[in-house]
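Colleague: Once you've had a glance at the structure underneath, I'll fire off some questions.
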Amino acid sequence: MKNTFMILVLSLLFVSCKQEVKPEDIAKLNGYWEIEKVVFDKGEEKDYKMNETFDFFQIKDNKGVRTKVMPQFDGTFLTTDTFENVSVRFAGEHVFLDYKTDYTKWSEEIISLSDKELVVKNPQKIEYHYKKAAPINLLNDGKKTK
């Protein structure tokens, strides 16, 4: 009985802690995102200490693109030819990013979105945790990065 009560309380806590993503939050997607970790469906985690590429989102009116970019030592980014068309879809309490390329389509659910953090989950129940990235200037050449 005591265990059942504890499970019920914990379940309610997890359900009530889910962040609701609102239409006005979608603008927070715009910018550079660096992957921090991946959480697999059975709970295993893979941490990313350093990334060669970031994801750059540019969304307007719930449509846009996600592009892979490579940060440079002078604070700039090189853009690759890899990109996906993205549309944002609201389905009840859930928000999805629908991706489309010339070759395939897929979706990811936005689990949480803030100014500094993005968590998405794919249909295989794999969560991708991102942090907002900013250009850095390791050359210290006095120029301000954009």
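Colleague: Work out how much length residue 100 to residue 49 would gain on full extension: take 0.36 nm times their residue separation and subtract the Cα-Cα distance, in nm to one decimal. Don't skip to the answer; put the middle values down first.
Modeller: Details: separation 51, 0.36 × 51 = 18.36 nm, distance 2.87 nm.
Result for the pair: 15.5 nm of gain on full extension.
Colleague: Please work out how much length the chain gains when fully extended from residue 132 to residue 58, using 0.36 nm per residue of separation minus the C-alpha to C-alpha distance, in nm with one decimal. List each step's numbers first, then the result.
Modeller: Values: separation 74, 0.36 × 74 = 26.64 nm, distance 1.36 nm.
Separation in residues times 0.36 nm, less the Cα-Cα distance, equals 25.3 nm.
Colleague: Could you sort 42, 132 by their accessible area in this structure, using a 1.4 Å probe and putting the largest first? Could you put the intermediate results ahead of the total?
Modeller: Values: 42 165, 132 70 Å².
Sorted descending by solvent-accessible area, the residues read 42, 132.
Colleague: With every protein chain left in place, what is the accessible area of residue 83 in Å² (1.4 Å probe, nearest 10)?
Modeller: Residue 83 has an accessible surface of roughly 110 Å² with all protein chains in place.
Colleague: Relative to the present Cα-Cα distance, how much length would full extension add between residue 114 and residue 82 at 0.36 nm per residue of separation?
Modeller: Working: separation 32, 0.36 × 32 = 11.52 nm, distance 2.53 nm.
Here the segment from residue 114 to residue 82 would lengthen by 9.0 nm.
The values are calculated or read from the model by the stated rules, or taken from the named source; none is laboratory data. For clarity, every value in this text was computed on a predicted model and none was experimentally measured. These accessible areas exclude ligands, DNA and RNA; they are computed on the full protein's heavy atoms, side chains included. Shrake-Rupley method; radii C 1.70, N 1.55, O 1.52, S 1.80 Å.
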